[in-house]
1. Could you list all residues from region 210-240 that are touching a Leu at 6+ places or on another chain (Cβ under 9 Å), among the charged types (D, E, K, R) and either under 17 Å from residue 310 (Cα atoms) or not in a helix (DSSP H, G or I) (or both)?
2. Taking region 81-130, which residues are within 29 Å of residue 175 (Cβ to Cβ), within 24 Å of the chain's Cα centre (by Cα) and within 11 Å of the ligand (Cβ to nearest atom)?
3. Provide a single number: the residues in region 119-138 that are surrounded by fewer than 22 Cβ atoms within 10 Å (Cβ to Cβ) and either β-branched (Val, Ile, Thr) or more than 21 Å from residue 218 (Cα to Cα) (or both).
4. Please go through region 70-80 and give me each residue that is within 13 Å of the ligand (Cβ to nearest atom) and either within 28 Å of residue 194 (Cβ to Cβ) or crowded, with 22+ Cβ neighbours inside 10 Å (or both), ordered by number.
5. Considering 110, 141, which residue is free of Cβ contacts under 8 Å to residues at least 40 places away in the same chain, buried (at least 19 other Cβ atoms within 10 Å of the Cβ) and not in a strand (DSSP E or B)?
6. What's the number of the condition residue 48 fails, among (1) modelled with pLDDT under 90; (2) crowded, with 20+ Cβ neighbours inside 10 Å; (3) among the acidic types (Asp, Glu)?
7. Test residue 61 against the criterion of being away from the ligand (no atom under 14 Å from the Cβ) and either of a type in the set (D, E, K, R) or part of a loop (DSSP other than H, G, I, E, B) (or both), and give yes or no.
8. Just to be sure before I move on: is residue 67 in a helix (DSSP H, G or I), buried (at least 21 other Cβ atoms within 10 Å of the Cβ) and away from the ligand (no atom under 16 Å from the Cβ) in the structure I sent?
Amino acid sequence: MPKKAKTKNIRRRISATTVASNGRFVYPFTAIVGQHEMKLALLLCAIDPNIGGVVIMGHRGTGKSTAVRALADLLPRIKKVKGCLYGCGPDRVEELCRDCANRFSEEGNLPADTGAVPMVDLPLGATEDRVCGTLDIERALVEAVKAFEPGLLASANRGFLYVDEVNLLEDHLVDVLLDAAASGRNVVEREGISVTHPARFVLVGSGNPEEGELRPQLLDRFGLYTQITTITDIDERVEIVTHRESFDNDPISFLNSHLNEQQKLRRKITRAKKLLARVEIDRELLKVIAELCLILRIDGHRGELTIARSARALAAFEGRGRVNSSDVQRVAIMSLRHRLRRDPFETVDSGVRIEQAMREVVPTPSAASRLAMVK
Ligand SMILES: [Zn+2]
């Protein structure tokens, strides 16, 4: 087969979303070496957006942004109302924007299309107008109408909002994000326009801890917190370099060689999303989670909620209808690490503290299965 035709053929096999909006190929998620905690956290948030997003802290060049962009490529397409600026879901009547709600009450149904789950970048230097939306100046001048020009929060509705260097985000933008994340809506009142629209998104942040801390209010908003470190295993380091080189030299062949694994993971996510609502968690296990948060002196109840939701998402990911104690163990550190009270004299790493507490309260999987057999 001539080379050109062969390339075209392979290209056809690669999903359309594998090419990012900037025209570049997206590095496949399944080719990311190591960093298991980060990958798991991203997958769990994709399965259950109610977990509340994830912040990934680690040094530069540890592949944080690559992983976030790779995640977008794995997500199943969603139904969207045709022509809606906010990508409303035609089946989610309670979350419709005003235009869609009016259309629905007049026509009784909404014309739909399918589209990719949005993955929107929020650049550090973005203005509030760009984030929240503002008056459409062109239409104001040309047509003399006060129309709303939607911002990044509108584009991110029902998808992901990604903030790299989230710890350097200006305070006024942090406030905007906190408001929208809490209410699921964006309210714009300025320059004579008054607009409210749905803005439900999963917040994903990344940053280098050496460049500053996150504001506690923002930190608490994130469901999960993962730390990534530079890999020290020699074989894994070599694999990172060889993978990256193959991808840069011949992205199509590289993507093609990961096609099957990518498809498998995509199907697994789709199945997990369907199964999620049916996954059960025993009251006994909920008690264990509460006890864990209690002995770690975690304020509020967000810690417990996050562990329970993440453990359910993990069980769904692995195709199980019931959460077990091992699920709890695997998600507890990323759910609680950023909620521990800071003790200036504490020298033990927060992950180690959580592990110690887990040994006290969480039954080992073998003990848990014995318990299940007794029942
Ligand atoms: Zn709409």
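The values are calculated or read from the model by the stated rules, or taken from the named source; none is laboratory data. All of these numbers come straight from a predicted model, not from anything done at the bench. Quick reminder, even Gly has a Cβ in these numbers, built from the backbone with ideal geometry, and neighbours come from all protein chains shown.
1. Of everything in region 210-240, those that are touching a Leu at 6+ places or on another chain (Cβ under 9 Å), among the charged types (D, E, K, R) and either under 17 Å from residue 310 (Cα atoms) or not in a helix (DSSP H, G or I) (or both) turn out to be 213, 215, 221.
2. Across region 81-130, the qualifying residues are 84, 85, 86, 87, 88, 89, 92, 95, 96, 97.
3. 7
4. Across region 70-80, the qualifying residue is only 80.
5. Sole residue among the options that is free of Cβ contacts under 8 Å to residues at least 40 places away in the same chain, buried (at least 19 other Cβ atoms within 10 Å of the Cβ) and not in a strand (DSSP E or B): 110.
6. Result: residue 48 fails condition (1) only.
7. yes
8. When the stated conditions are applied, residue 67 passes them.
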